[in-house]
Amino acid sequence: MPPSLLHGLNPEQLAAVTLPHESALILAGAGSGKTRVLTTRIAYLIQSGQSGPSNIFAVTFTNKAAKEMLTRIAAMLPINTRGMWVGTFHGLANRMLRAHHREAGLQALFQILDSADQLGAVKRLLKALNIDAEKYPPKQLQHFINGAKEQGLRAHMIEAFDPYTRRQQELYAAYDEQCQREGVVDFAELLLRCYELLQRDAHLRHHYQERFSHVLVDEFQDTNQLQYLWLKLLAGERAAVFAVGDDDQSIYAFRGARVGNMADFERDFQVRQIIRLEQNYRSHGNILDAANALIHHNQSRLGKNLWTAEGSGEPIRLFEASSDFEEAAFIVDEAKALQREGVLLSNMALLYRSNAQSRILEHALFNAGIPYRVYGGLRFFERQEIKHALAYLRLVANPDDDGAMLRVINFPTRGIGVRSLEQLQEIARQENLSLWRAAQLGRMGGKAGTSISAFIALIDALRETCSSLPLPEQIDHMLEHSGLVAHYKAEKEGAERLENLNELINAAAGFVLEHSADQADASPDMLAAFLTHASLEAGEHQAAAGQEALQLMTVHAAKGLEFHAVFISGLEEGLFPHENAAQERDGLEEERRLMYVAITRARRRLYLSFADSRMLHGQLRYGIASRFLDELPTALLKRLNRAAPSRVAEEPVMPFSPGKRAATEPGSAWHIGQAVTHPKFGPGIIINSEGRGTDARVQVSFSHSGVKWLALEYARLEAA
DNA sequence: TTCCAACTGTTTTTT
DNA sequence: ACAGTTGGAA
């Protein structure tokens, strides 16, 4: 064994990496080198000959983490990582189901529904069964179905003691039937199917249990019941399960994560000792002391205390603002000061509990001319135009996909209205056929009938042409002939959508490039693989090492990241901890863990801020400081003074004070609050702005013509 | 089919 | 406050 692999590991890390063949629980604190231990363990197992690459099964939650793991393994070992089973829960389940689709009762090209698709499917189901969506809200039913699946329960296994639950149970069964008919599978179904497959098929089960001698799990505290059951089944009696997690960073109970899995694991797998990684390599002492003190207030913990070899560093800065507005101004000032000290903006994070809080912060940053990037929001494959394009492709791959059919049969509009669609759906139901097959019967009369036949012919033609084309050209061809391009060209706000559609072709080209090495480029398989990729990997959402911009995100989104300086804003009772958390069982403890995650993101400097008043849901609300602030030792805190009162008093009491920084670019002639005149609309005041350069627009409240958005490049605005 | 007014629900989110 | 959705009228 070359020492290089194990070099530089501390004793606990080394112990974890070189554990004998037995199941182990690694309690890895924030910044304790968790990913390093996990990947080094894999490399060690392979390099020491205890295991071949194909005997490893390593699972994570996010694509980003999976990719990171593969990259690191590849850097440590001269092996081809392609054959290794390293991926996300859903990615690996998908892989197994594709390999054994017949045994799993699925068609070869089964499609994967994302949450939005699933919600659509539920709505469709309710409509088809004539069920009042008011009484059975689709979202709630979706939640019910996913909740059941995530516990490993099929509809018939649910115990229903009241009529309402019984009805939901029936609808769950009907939903599963509908999915089966259409050849689609939702996220939870991927795992449940795979679990049931292994449970039912002893031959397959033994095959995989034999093969995977080492099962490694990242972020174990985030696993749900079904994931745990699946792992248990996969591991069997012989595999060594290496579970890495941190109960103090469990912040996803609200979506089914079961921290209890850690205790169950300890028992079920006869874990002999828990290895604790407590040395933190990220933060200075004061920050860790604060985090430790805070989390100490939680009752249900496995217990762990982070320490560092570094000094205590700077005190934690605490700022009380009179309003959310002032809080934002404070953060802007401090970010600028840090920038002057040489800290990169991309090394600063501005965190908040809920997305709604970003608006005012963005506004302040924009006006100060500080570049920023907000994480969260719509992802690439979730955009409307991309969804439409994918629906065409899905229909080409699988005509029975009713969801895809409904999405595009009249988009762009081809005169197939709701009326005709209802008729078609009626035929489909009577004949027990998919919409596609119902349409093929040609029983629809009139104009709509002709249009429907034309649509069928269009998709058939697309399928015909596509079979001989490389994937990117298939998409290009489809975009043209479906009329999507023409439709968005005609739409006034369609330019960006067209760009995205173009980007879809690029994404496909990139995908082909990456996957043609291990797969002969048989076109239909390539298309199916790309569609899977689109559902399973909806595009970047979590923060990556960003461009030179201040990083804005929720605390949840910040998990796993680190920054030189971190601002945690909105530390008020009701906001953080969130008021809704008080009702839930263990809600407050989860909020505290969330705060713990937030604090431990900081390497060197930590700012905590709260505001005495804030606009919330359109109303001014007065709040008090978060209890979490009281739980931090005062000795670690340095209260920063508010700006000199004289300066505050001198500011005119106006919603937007003149003299703030330029609204568009630093040095621009325009700023918020400025009085202007327009040749047509007359006098007005600039009240908002967005974009930069030639895209810059300002919102002007005109005295006589109301509020309007104007492009600075074209509007002939004059300072009044 | 398109547009607008009224209405709704606003914690966190990956796959 | 505000964005997203729905229902009705044009």
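None of the figures in this text is laboratory data; all of them are computed from the coordinates on show. All of these numbers come straight from a predicted model, not from anything done at the bench. For neighbour counting, all protein chains shown are included, and Cβ atoms are generated from backbone atoms with ideal geometry for every residue, glycine included.
Quick notes on this structure:
- Full extension of the chain between A:Asp630 and A:Glu382 yields a length gain of 85.2 nm, computed as 0.36 nm times the residue separation minus the alpha carbon distance.
- Of the three principal axes defined by the Cα atoms of the range A:209-288, the extents in descending order read 48, 27, 20 Å.
- Relative contact order of chain A, pairs being alpha-carbon contacts under 8 Å that are 6 or more residues apart, as %: 15
- Distances between placed amide hydrogens fall under 5 Å for A:Gly574 paired with A:Glu579, all partners being 5 or more residues away or on another chain.
- Take the Kirkwood radius over Cα pairs of the range A:169-225, plug it into Stokes-Einstein at 10 °C and 1.306 mPa s, and you get 115 µm²/s for translational diffusion.
- Of the residues A:Ser434, A:His564, A:Thr165, the one whose Cα sits farthest toward the positive end of the charge dipole of chain A, with +1 on the Cβ of Lys and Arg and -1 on the Cβ of Asp and Glu, is A:His564.
- Vicinal HN-Hα couplings computed from phi for the range A:110-120 (Karplus, 6.51 cos²θ - 1.76 cosθ + 1.60; Hz; Gly/Pro x): 4, 9, 10, 8, 8, 4, 5, 4, 5, 4, x
- FRET efficiency estimate (nearest 0.05) - Cβ-Cβ, A:Arg255 to A:Ala457, R0 45 angstrom: 0.55
- Note on A:Ala173 and A:Thr677: the model spin-label points, each 7 Å out from Cα along the C-beta direction, lie 7.6 nm apart.
- With the simple model of a label 7 Å out from the Cα in the direction of the Cβ, A:Ile79 to A:Arg340 spans 5.4 nm.
- In sequence order, calculated HN-Hα J values of the range A:68-75 (Karplus, 6.51, -1.76, 1.60; Hz; x Gly/Pro): 4, 5, 4, 4, 5, 4, 4, 6
- Per-residue 3J(HN,Hα) values for the range A:133-143, derived from phi via the Karplus relation 6.51 cos²θ - 1.76 cosθ + 1.60 with θ = phi - 60°, read 5, 6, 7, 10, x, x, 4, 5, 5, 4, 5 Hz in sequence order (x marks Gly and Pro).
- Projecting the Cα atoms of A:Leu302, A:Met348, A:Gly376 onto the charge dipole of the range A:290-385, computed from C-beta unit charges around the Cα centre, puts A:Leu302 farthest toward the positive end.
- nm² value of the averaged projected area, convex hull over the Cα atoms of the range A:254-333: 8.8
- Mean projection of the Cα convex hull over all viewing directions, computed for chain A: 35.7 nm².
- Residues A:Glu718 and A:Asn10, FRET efficiency given R0 of 56 Å [Cβ-Cβ distance, rounded to 0.05]: 0.25
- Each 5 Å bin from zero holds the following percent of Cα-Cα pairs in the range A:305-426: 2, 8, 12, 13, 11, 7, 7, 7, 8, 8, 8, 6, 3, 1, 0.
- For the range A:58-122, size of Cβ-based charge dipole, Lys and Arg +1, Asp and Glu -1, in debye: 260
- Pairwise FRET efficiency - A:Asp333 versus A:Asn355, Cβ, R0 = 22 Å, nearest 0.05: 0.40
- Counting only Cβ charges, +1 for Lys and Arg and -1 for Asp and Glu, the dipole size of chain A around its Cα centre is about 220 debye.
- In this structure the amide hydrogen of A:Val86, modeled in the peptide plane, comes within under 5 Å of the amide hydrogens of A:Ala58, none closer than 5 places in sequence on its chain.
- Placing +1 on the Cβ of every Lys and Arg and -1 on the Cβ of every Asp and Glu, with nothing else charged, gives the range A:431-512 a dipole about its Cα centre of roughly 440 debye.
- Amide H contacts under 5 Å for A:Val217: A:Val59, A:Phe242, A:Ala243, A:Val244, restricted to partners 5 or more places along the chain or on a different chain, H placed in the peptide plane at 1.01 Å from N.
- Straightening the chain between A:Arg166 and A:Thr413 buys 84.9 nm, computed as 0.36 nm per residue apart minus the Cα-Cα spacing.
- Sparsely packed loop sites in the range A:152-250 (the trypsin sites (Lys or Arg not before Pro) outside DSSP H, G, I, E and B with at most 14 other Cβ atoms within 10 Å) comprise A:Arg154, A:Arg238.
- Computed over the range A:446-543, the P(r) tail beyond 25 angstrom holds 30 percent of alpha carbon pairs.
- Separation of alpha-carbon centers, the range A:27-95 and the range A:163-202, rounded to whole Å: 30
- Legend: P(r) of the range A:121-200 from all alpha carbon pair distances, 10 Å bins from 0, whole percents, reading 17, 54, 25, 3.
- Label-point gap, in nm, between A:Arg437 and A:Glu314 - each point 7 angstrom along Cα→Cβ: 6.7
- Using 0.36 nm per residue and subtracting the Cα-Cα separation, the extra length available between A:Arg639 and A:Leu620 on full extension is 4.3 nm.
- Projecting the Cα atoms of A:Gln227, A:Phe212, A:Gly245 onto the charge dipole of the range A:209-248 (Cβ charges, centred on the Cα centre) puts A:Phe212 farthest toward the positive pole.
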